[in-house]
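Novice: Below you'll find the structure I mean.
What follows draws every value from the coordinates through simple rules; no lab data is involved. Quick caveat, the model's predicted, so the values are computed rather than measured. Using ideal geometry, Cβ is built from the backbone for each residue, glycine included, and neighbour counts are taken over all protein chains shown.
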Amino acid sequence: MEIAENRNENIVILSLVGRLDSNTSDDLEIRILSRIDEGERKFIIDCSYLDYISSSGLRVLLLGAKKLNNIGGHILLSSLQAQIKEVFECAGFTSLFKMFNSKQEAINYLNNPH
Amino acid sequence: MFNNSGIAFKLSLSILSTTAIIFIIILGYNYQISRKLILNNVRENSKNLAFNAVNRIETILKSFEKIPENLAYFLKYSDYTKSELTNLIRTVVENNSEIFGSTIAFEPYAFDKNSEYFAPYFYKDNGDIKFTYLGGDTYRYFHWDWYQIPKELDKPQWSEPYYDEGGGNIIMSTYSVPFYKNIEGKKKFMGIVTADISLDWLEKIVSSIEISKTGYGFLISKNGTFVTHPDSDLIMNETLFSLAEAREDQELREIGRRMISRESDFVPLNGIISNKKFLMFFAPLSTSGWSVGVLFPQDELMSDITRLNRNVFLIGIAGLLILLILIILISGSITKPLRILVGATNAIAGGNLDVELPMSKSNDEVGKLTNSFLYMEQSLKKYIKELTETTAAKERIESELNVAREIQMSILPKTFPPFPDRNEFEIFAAIEPAKEVGGDFYDFFFTDKEHLFFCIGDVSGKGVPAALFMAVTKTLIKAKTTSDISPDEVLTRVNKELCIDNETAMFVTIFCGILNTRTGGVSYSNGGHNPPYLFSKNNGIKVLDGSRGMALGILDEASYTTGSVTLNAGDGIFLYTDGVTEAMDIHAKMYTDENLHLFLEKQKAINPEETILKTLIELKNFSSGTAQADDITIMSIKYLS
């Protein structure tokens, strides 16, 4: 899996390409946790090119969400493909993450505090 | 050819052959140059000897020539009587020991108009001086060479040497000088003055030429006749040409021709009487036309060079031998540590890393090589030690993981049929663990006599944490499942426990249900797990996707619901983990829910053990050898009555 990192002002946008499974989830875990340690609080996980997510991948996203929730941060998901969305639904994770159809929608959400 | 030879051999061979070539070149050059030097030396030497002899001979000949020439001069400018003439001739013969005879021979009627011949002749005969008149009908001296040749040539002439029978076998030559009178202003030929001169002294001068052992000098007349020669048999008997004829020696003939043509040169010569090789210098006597030859024996001349070269050659051979010994010693001292090193490295290659390497004393290439090998040996030792430790550590971890895996698997019920005394239902389960420790599990047990609790679960992630989490979950489920409890209550209780201090955000998906073995009623609850399939004898198969909630271990306030379904006799439930639908083929394509659905539809009826084993075979065929990424767990229950 490839992780492309971009920024939009204070938002860290991580675009995942390929498969997020037990072999690759450590990379993402390290990336998210180190950014949180650096003080980042707003994350968008762009799933446009994410083909597969395993329970290991779910755990990493969950871990990120938990850490950020405790310190008032956010982790949003955008552009999930159907089969990815299904995994989230199956595991009952849809209520844990805010999901958007596009990256821009997610950015807009973060820039307009509720 | 020499690939297998040692360095010492190659070194010796190349250095020695090069040195030998250089030595041979020097030797050859030395021979050529010294030969040339000696030849030049000989040429000069022989030239000097020859000209020295020539000068000495000519000086003496000149002194003899003066006597008849003075007579001729006197006759030209003076008047004389008969008695004056005879007295004059007598005085000449008496006063010159080398003159054996002398005459003044007049032209016919030139002295006495009445006498055709007039030639008073004094000569020595056994110490006495005798007198006679030459000429007569039997001795018409006008026609003899001694008279005619100087007359015709109009100049004095030495005759061919001859033996004088009367003079005691002495070689003589007659010097004839023409004399004239001025008559009415004209020079008129009057006759010839002669002196017969002994050539004894000539022999002494020429034979005094001594060159090394066998060199010598000789003199030939105008005709090539030997006048002096160490071999006295040749004297007056042979000419150079008669010898050349006898020996069929063209070169000798040519040399003879050049000698009597008054040339002078330095030539090689194949001997005169033998075939001994000589170098000869020859030079002419100016007035007589005779020629002096000086012979140098070539072998004696060259013996010095030959000896010199032989000595140089012997010294060279000795030098080469010393060089050979030196090279062998030096290259031996170079290659000895190398040979030891070769032995040592062979031992190292053979696995003995404790071999003592030779300590190098010097800092040359061999020393550096030895140090490199020493370093290599130590590095190898260190590396192998580290590798051994790492491997041991890795093996320990792997064996510990295997133990963990075995423990994990051992807590799952594996005995089928598990309840041989119960015939209301059939139950079967199988788990195909992936290589890495995963977190799948299943369980079933009776909560009371009628109610069978069953569950299947999958912990997120892999490795020891997942295995521990799985063990905890399974234990919690068993602990929290009391009789009369509903499935959602089980999940709620287990979830609360799992959420406590779950810093790593691990979670587990669980599907659990309770079968009423009397009625076939099933109540179930799903905590984020893949929904199982329901096999209905009447309605075919369908996904049991009700009552779905969140995976456990995430939110402690998560709530779960209970759904229900009733199994008729022959109906069944097929539960599985995502290892089934996410099994991959060689192209990394997943098996998917759709394929599983189609496969199960083809099964017509459910028979837990058969259906599960068939499914596993189907998955095996699909993955066709691709390494299994996740645990594959299937459990199935069939209600009988």
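Novice: Can you tell me how the protein assembly as shown classifies by the Cα gyration tensor, rounded, prolate or oblate, using a/c under 1.5 as the rounded cut?
Specialist: Verdict is prolate for the protein assembly as shown.
Novice: Out of the GluC sites (Glu not before Pro) in the stretch B:117-197, which ones are loop residues according to DSSP with at most 11 other C-beta atoms within 10 Å? Please report the intermediate quantities before stating the final value.
Specialist: On the way: sites: B:Glu152, B:Glu165, B:Glu184; in loops: B:Glu165, B:Glu184.
Answer by residue number: B:Glu165, B:Glu184.
Novice: What residue among A:Ile84, A:Ile45, A:Ile75 has the largest mean-square fluctuation in a Gaussian network model of chain A, using Cα springs under 10 Å?
Specialist: A:Ile84
Novice: Can you give the FRET efficiency for A:Ile71 and B:Ser559, using 1/(1 + (r/R0)^6), R0 = 35 Å, r = Cβ-Cβ distance, to the nearest 0.05?
Specialist: Calculated transfer efficiency: 0.85.
Novice: If you don't mind, there's one more thing I want to ask. Pop a pseudo-label 7 angstrom from the Cα along the beta-carbon direction at both B:Ile407 and A:Asp26 and give the gap in nm to one decimal.
Specialist: Reported label-point gap for B:Ile407 and A:Asp26 is 2.2 nm.
Novice: Then there's this: Tilt of helix B:487-499 relative to the longest C-alpha principal axis of chain B, in degrees (0 to 90, nearest 10)?
Specialist: The angle comes out at about 50 degrees.
Novice: Between A:Arg35 and B:Glu610, what is the FRET efficiency for a Förster distance of 56 Å, r being their Cβ-Cβ separation, to the nearest 0.05?
Specialist: Using R0 = 56 Å, I get an efficiency of 0.60.
Novice: While we're on this one: Provide B:Ser12, A:Ser25 in ascending order of the number of other Cβ atoms located within 10 Å of each residue's Cβ, fewest first.
Specialist: B:Ser12, A:Ser25
Novice: In degrees from 0 to 90, rounded to the nearest 10, what is the angle of the helix B:463-480 Cα long axis to the longest principal axis of chain B?
Specialist: Its long axis makes an angle of about 10 degrees.
Novice: Another one. Only loop residues by DSSP count here, and only those with at most 15 other Cβ atoms within 10 Å; note down the chymotrypsin sites (Phe, Trp or Tyr not before Pro) in the stretch B:330-398 that meet that.
Specialist: Here no chymotrypsin sites (Phe, Trp or Tyr not before Pro) fit, given the DSSP loop and packing criteria.
Novice: Let's test the formula: R0 of 30 Å, r as the Cβ-Cβ distance of B:Cys499 and B:Phe416. What FRET efficiency results, to the nearest 0.05?
Specialist: E between B:Cys499 and B:Phe416, to the nearest 0.05, is 0.30.
Novice: How tilted is helix B:608-623 with respect to the longest principal axis of chain B? Cα atoms for both, answer in degrees (0 to 90, nearest 10).
Specialist: Taking the Cα atoms of chain B, the angle to B:608-623 is about 30 degrees.
Novice: Once fully extended, how much extra length lies between B:Ile149 and B:Thr566, figured as 0.36 nm per residue of separation less the alpha-carbon to alpha-carbon distance?
Specialist: Details: separation 417, 0.36 × 417 = 150.12 nm, distance 17.44 nm.
Working it through step by step, the gained length comes to 132.7 nm.
Novice: Then there's this: B:Ile7 versus B:Leu369, label points 7 Å from Cα toward the beta carbon: distance in nm?
Specialist: The two pseudo-label positions are separated by 0.4 nm.
Novice: Hey, what do the phi angles of the stretch B:181-187 turn into as Karplus ³J(HN,Hα) couplings, whole Hz, using 6.51/-1.76/1.60 and θ = phi - 60°, x for Gly and Pro?
Specialist: 9, 8, 10, 6, x, 10, 7
Novice: I want to verify a result. In a Gaussian network model of chain A, Cα cutoff 10 Å, which of these has the top mean-square fluctuation: A:Val12, A:Val87, A:Val60?
Specialist: A:Val87
Novice: As a check on your grasp of the helix formula, calculate [θ] at 222 nm for chain B: sum -39500 (n - 2.57) over DSSP H runs of n ≥ 4, divide by the residue count, round to the nearest 500.
Specialist: It lands at -15000 deg cm²/dmol.
Novice: Order by neighbour count: B:Thr492, A:Thr94, fewest other Cβ atoms within 10 Å first, most last.
Specialist: Starting with the residue having the fewest Cβ neighbours, the order is A:Thr94, B:Thr492.
Novice: Filter the GluC sites (Glu not before Pro) in the stretch B:349-433 down to the DSSP loop ones having no more than 14 other Cβ atoms within 10 Å, then list what survives. Don't jump to the answer; show the numbers that get you there.
Specialist: On the way: sites: B:Glu356, B:Glu365, B:Glu377, B:Glu386, B:Glu389, B:Glu395, B:Glu398, B:Glu400, B:Glu406, B:Glu424, B:Glu426; in loops: B:Glu356, B:Glu424.
Those satisfying the criteria are B:Glu356.
Novice: Still on this structure: Name the cysteines of chain B that stand alone by the Cβ rule: no other cysteine Cβ under 4.7 angstrom.
Specialist: Cysteines lacking a close Cβ partner in chain B: B:Cys499.
Novice: What residues qualify as long-range amide H neighbours of B:Ile211, i.e. H under 5 Å apart, gap of 5 or more or another chain, H built at 1.01 Å from N?
Specialist: Result for B:Ile211 returns B:Tyr216.
Novice: How many nm separate the modelled label positions at B:Glu400 and B:Lys36, each set 7 Å beyond the Cα in the direction of the Cβ?
Specialist: Modelled inter-label distance: 9.4 nm.
Novice: Setting aside same-chain residues fewer than 8 positions from B:Lys435, which lysines have a Cα under 25 Å from its Cα?
Specialist: B:Lys394, B:Lys414, B:Lys462, B:Lys474, B:Lys589, B:Lys614, B:Lys620
Novice: Then there is this: Cross-link candidates for B:Lys480: which lysines have Cα within less than 16 Å, leaving aside residues fewer than 8 places away along the same chain?
Specialist: B:Lys496
Novice: Under a 5 Å amide H to amide H cut-off, with H placed in plane at 1.01 Å, what residues pair with B:Gly546 once short-range neighbours are removed?
Specialist: Here nothing satisfies the definition.
Novice: Also: Quick one: Karplus J couplings for the stretch B:24-34, per residue in order, coefficients 6.51, -1.76, 1.60, θ = phi - 60°, nearest Hz, x for Gly and Pro?
Specialist: 5, 4, 4, 4, x, 4, 4, 4, 4, 5, 5
Novice: How big is the charge dipole of chain B about its Cα centre, in debye rounded to the nearest 20, if each Lys and Arg gets +1 on its Cβ and each Asp and Glu gets -1 on its Cβ?
Specialist: Here the size comes out at about 1840 debye.
Novice: Could you pull out every one of the aspartates and glutamates with an alpha carbon less than 13 Å from that of B:Lys181, ignoring same-chain neighbours closer than 8 positions?
Specialist: In chain and number order, the partners are B:Asp79, B:Glu107.
Novice: Hey, if you put +1 on the Cβ of every Lys and Arg and -1 on every Asp and Glu Cβ in the protein assembly as shown, which of B:Gln408, B:Phe535, B:Thr214 ends up farthest toward the positive end of that dipole?
Specialist: Projecting each Cα onto the dipole axis, the largest value belongs to B:Thr214.
Novice: I've got another one for you. Once phi is turned into ³J(HN,Hα) by the Karplus curve 6.51 cos²θ - 1.76 cosθ + 1.60 with θ = phi - 60°, what whole-Hz value does each residue of the stretch B:115-130 show in order, with x for glycine and proline?
Specialist: Each residue's phi maps through the Karplus curve to give 10, 5, 9, 8, 8, x, 10, 9, 8, 8, 9, 6, x, 8, 9, 10 Hz.
Novice: Another one. Give me the orientation-averaged projected area of the Cα convex hull of the stretch B:202-300, in nm², one decimal.
Specialist: 5.6 nm²
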